[in-house]
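Input: a single structure, listed below in structure tokens.
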Amino acid sequence: MYSHQLHYLPLPPLIYAVFFGALVALFVLIQLGALHYAYSRIGLSSRSATLVLLASLLGSYINIPVAHFANERVVPQEMIDFFGRRYVVPMIVDWPGMILAVNVGGAVIPILLSIYLLARNRIWIVATLATAIVAVVVHLFSRIVPGVGISVPILAPPILSAVLAILLSRDFAAPIAYVSGSLGTLIGADLLNLGRIQEIGTPVASFGGAGTFDGIFVTGILAVLIASLPLRRKPSGVSPTTQ
């Protein structure tokens, strides 16, 4: 009965317009050949990768409920400013406590894509190391924003994951950047803060939603850019060891 308030855009429309513009720019660059090797080095076709990023953007509107906390305090606000960033939360009318949900665009799609990239590129060890580091750093930077959720600096996950990926494996930098940036953010910001859920006070506490979605989406964009860089080692007669 509350489904009409469960689904909403966690960020203002202007931010979505910027993200969509960045996605269109990436697609144009790919078609023009400016990022010729990008998608093949990530492990997806150009059409598949573009559709995944678009699905992630559109899927941020959808939250899948997984738990209900009837006695949680709810902060009734529609728009909240925090450190210069604006967050949208659903307008509540007689809301029955707090709903814990999983955001499709910010959690479900990134998790499924990360599992695919891990299996396809066999980067389990190095990606796990990078993810653990990102999770620890993101957790240290994460902040509880009453009425919104858990917030992290938007550029911290993508930049940190990109640097770690390039340092740990130039051959698999792009998939490692995406996996560590996405899973590291979800683990560090959302999963490790589940014990503080009572401090949030929002009608919908969304795993991968407001506060973390933007960082995860930017990580996907940055992973494509990293894939276009000439990072691979030149062949030396010995195949690079799979991580």
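Worth pointing out:
- Boolean, Ser206 is in contact with a Pro (Cβ under 8 Å, 6 or more places away or on another chain) and not β-branched (Val, Ile, Thr): yes
- Selection within the range 149-188: residues that are in a helix (DSSP H, G or I) and among the β-branched types (Val, Ile, Thr). The member of this set that is surrounded by the fewest Cβ atoms within 10 Å (Cβ to Cβ) is Val163.
- For beta carbons closer than 6 Å, sequence separation of 6+ or different chains, a first residue in the range 155-168 that is over 14 Å from Ala127 (Cβ atoms) and modelled with pLDDT under 90 and a second that is in a helix (DSSP H, G or I) and small (Gly, Ala, Ser), the qualifying pairs are Pro157/Gly181; Pro157/Gly215; Pro158/Gly181.
- Members of the range 129-146 that are small (Gly, Ala, Ser) and either without any contact (Cβ under 8 Å) to a residue 24 or more places away in the chain or surrounded by fewer than 19 Cβ atoms within 10 Å (Cβ to Cβ) (or both): Ala132
- Applying the condition of being part of a loop (DSSP other than H, G, I, E, B) and not hydrophobic (A, V, I, L, M, F, W, C) to the range 189-205 and asking which residue is surrounded by the most Cβ atoms within 10 Å (Cβ to Cβ) yields Thr202.
- Strands (runs of 3 or more DSSP E) wholly inside the range 38-128 that include at least 2 residues being at pLDDT 90 or above, more than 20 Å from the chain's Cα centre (by Cα) and surrounded by 13 or more Cβ atoms within 10 Å (Cβ to Cβ): none
- Pair list, Cβ under 9 Å, 6 or more apart: the range 16-28 residue more than 15 Å from Ala223 (Cα to Cα), other residue at pLDDT below 80: Tyr16/Leu9; Val28/Ala34
The values are calculated or read from the model by the stated rules, or taken from the named source; none is laboratory data. Model, not experiment: these values are computed from the prediction. Cβ coordinates were reconstructed from backbone atoms using ideal geometry, including for glycine residues, and neighbour counts include every protein chain displayed.
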